[in-house]
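For reference, the structure is listed below as structure tokens.
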Amino acid sequence: MSALSDAISRRQPAASLSARSPLHGLRRGSVRTVDLVAQSVAAVAPAGVLLTHSGGLVGHLGSFSFVALLLTAAVVVLVALTMSVFARRISAAGGIYTFVARGLGPIVGIAAGAAIALGYASVAIDTLRSGVRRLGGLITAGNGEDAATTVLLALGCTAIIVVVIVCGARASTRVMLVIESVAVAAIVAVTAVVFAGTGWDLAPLVPDPGAMPSPSALAGGIGVALVSFVGFESGATLGPESRRPLASVPRALVWTAVAVAIVYLFGTGAQLSAAASGSAGRTSALVPASVLESAPWTATLIDAVIAASWLVCTLACTNALVRLVFTMAREGILPAWLGRTSQRFATPHRAALTVGGVVATGTILQAWAGHGSLLDATIALATPVGFLIAYLLVCAAAVPYLLRVGEFTLRESWPAIVGTVALGAVAVTEVMGVVGLDRAALAIIAVVLAMAVLGHVVRFRAGRTSTSHSGAYDTPVAADALATPGDGLPRP
């Protein structure tokens, strides 16, 4: 009998591998590539963005908005390709945090982790607030916002989100897949209607050379457009729970970036065409006023689609943040009880309950503070700042990581190099362009990030945590492989 057949017959696990993965407790192979894409697309919420914010970029750059969106899409694809460098080699629930820790070390990794956590939390709070506002409007038939209704809806929606997350990664991604499929189909249909109403006039997509924006204005426009893509990388946090993660996660990253870019370009083109023909919508950034006047019921339908898109975005960002908290707890950065998983559902249930509480509290406080408050400005600014820092650091970490593992090639590294330069320019432009109340908000965000990094350094020097566990990712275990004679078993 051969060594292989003998090992198979005895089913003896390999003694050379550890008994447990650092991320043990999660259910491996429970989600597929389509689920990863659903998670990422839901975090981006293209339907909500196009139906409410697509006019922002057009108003900022005019005829150059389509060009700015193309450049932004190129930058996002560069970030996706850069993250694929890591995703092809390790499967990490910490996503960008783990990748940066592996490339630039644990201290810079904490900076990236704190930044992406701020980004996910701010998006979850802001979209839950927006979704609750839309739901409240549907319930009260547009008769104004009631504080009690807002609190009850925020708590109720958060409870549902937490339950879905606790029930498993596949349960949450399938909810996202169904709702986002309907929402994206609706937005594509609306975009086609808008284009058809303008006779498919593509002339407005060509920028006017006489209205050329300054380089700083163009970089600022790219920063505005970049906010529409944030969260596209969140599918990577479900890598340890996916099938063939080293292949499915990189594929999902690139597919999501390209697919969302196409939807945005289609929608922005329709917005430009509608603006040029004078048929742009009044109550929505994309829907023509003529459609709303001829079919009033469409306004209610649009509000329902927007509310669903925002709430699914909250689910996706909360899902990603739960995995990040779970990873940091396993590494000893956060309390260990946050790293425990449910024996029944194989999900980080305690992290889900904690993150859900933070999101619900933040949403209620934001509603109480009101629009234009310092809290509202801080939550709004945390989204671009947090994701910009995280994307910049993951691009900067790719080359050192490849050098460290001895696999550096220019062919694989050039997206990271170009992405680092591009995102650095955008980040500087964004910071220089902060004015008014946003300056105080930026200072608060900077203090929070600095405290997170400083606190980790202090704990490390005091011996309360170890950098040897930083950047934990899923690894093969003894039960995954059969023993061989080299594992100390007698030869047959």
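Run lengths n ≥ 4 of DSSP H only: what is the helix-derived mean residue ellipticity at 222 nm for the chain, with -39500 (n - 2.57) per run over all residues, to the nearest 500?
Using -39500 (n - 2.57) per qualifying helix, the result is -23500 deg cm²/dmol.
How charged is the neighbourhood of G339? Take every other residue with its Cβ under 10 Å from the Cβ of G339, and add Lys/Arg as +1 and Asp/Glu as -1.
Here the charged neighbours net out to +2.
Taking 7 Å along the Cα-to-C-beta vector as the label spot, tell me the L138-H53 distance in nanometres, rounded to one decimal.
With each label placed 7 Å out from Cα toward Cβ, I get 2.1 nm.
Label F345 and V182 with points 7 Å out from Cα along Cα→Cβ: what is the distance between them in nm?
Computed distance between label sites F345 and V182 equals 2.2 nm.
So how much slack lies between L353 and D146, counting 0.36 nm per residue of separation and subtracting their Cα-Cα distance, in nm?
Contour length minus the Cα-Cα distance gives 71.9 nm.
Take the chain, mark every one of the GluC sites (Glu not before Pro) that falls in a DSSP loop and has at most 16 other Cβ within 10 Å, then report the longest stretch left between them, sites excluded.
146-406
Take every Cα pair under 8 Å in the chain that's 6+ residues apart, average their separations, divide by the length, and report that relative contact order as a whole percent.
The value is 38 percent.
Among S413, M328, M176, whose Cα projects farthest towards the positive end of the dipole of the range 35-438, with charges put on the beta-carbon of Lys, Arg (+1) and Asp, Glu (-1)?
Value computed over the given set: M328.
When only DSSP loop residues count, what trypsin sites (Lys or Arg not before Pro) in the range 312-400 have their Cβ near at most 16 other Cβ atoms within 10 Å?
R340, R344
Please work out how much length the chain gains when fully extended from W368 to V431, using 0.36 nm per residue of separation minus the C-alpha to C-alpha distance, in nm with one decimal.
Net length gain for the segment: 19.9 nm.
Expected output is a single nm value to one decimal: the length gained when fully extending between R464 and W414, i.e. 0.36 nm times separation in residues minus the C-alpha distance. What is it?
Taking 0.36 nm per residue and subtracting the Cα distance, the gain is 14.2 nm.
So, R0 is 35 Å and r is the distance between the beta-carbons of A440 and I107; what FRET efficiency does that work out to, to 0.05?
Using R0 = 35 Å, I get an efficiency of 0.85.
Mind jotting down a quarter of the surface of the convex hull over the alpha carbons of the range 35-438, in square nanometres, one decimal?
The orientation-averaged projected area of the Cα hull of the range 35-438 comes to 19.5 nm².
Given charges of +1 on the Cβ of Lys and Arg and -1 on the Cβ of Asp and Glu, with all other atoms neutral, how large is the dipole of the chain about its Cα centre, in debye to the nearest 20?
Here the chain has a charge dipole of around 1820 debye.
Kindly list the residues of the range 58-83 that lie in the label zone of V206, defined by a backbone N under 19 Å from the point 7 Å along the Cα-to-C-beta vector.
62-70
Computed from the coordinates by the stated procedures, all read-outs in this text should not be read as laboratory data. All values derive from a computational prediction rather than experimental measurement. For neighbour counting, all protein chains shown are included, and Cβ atoms are generated from backbone atoms with ideal geometry for every residue, glycine included.
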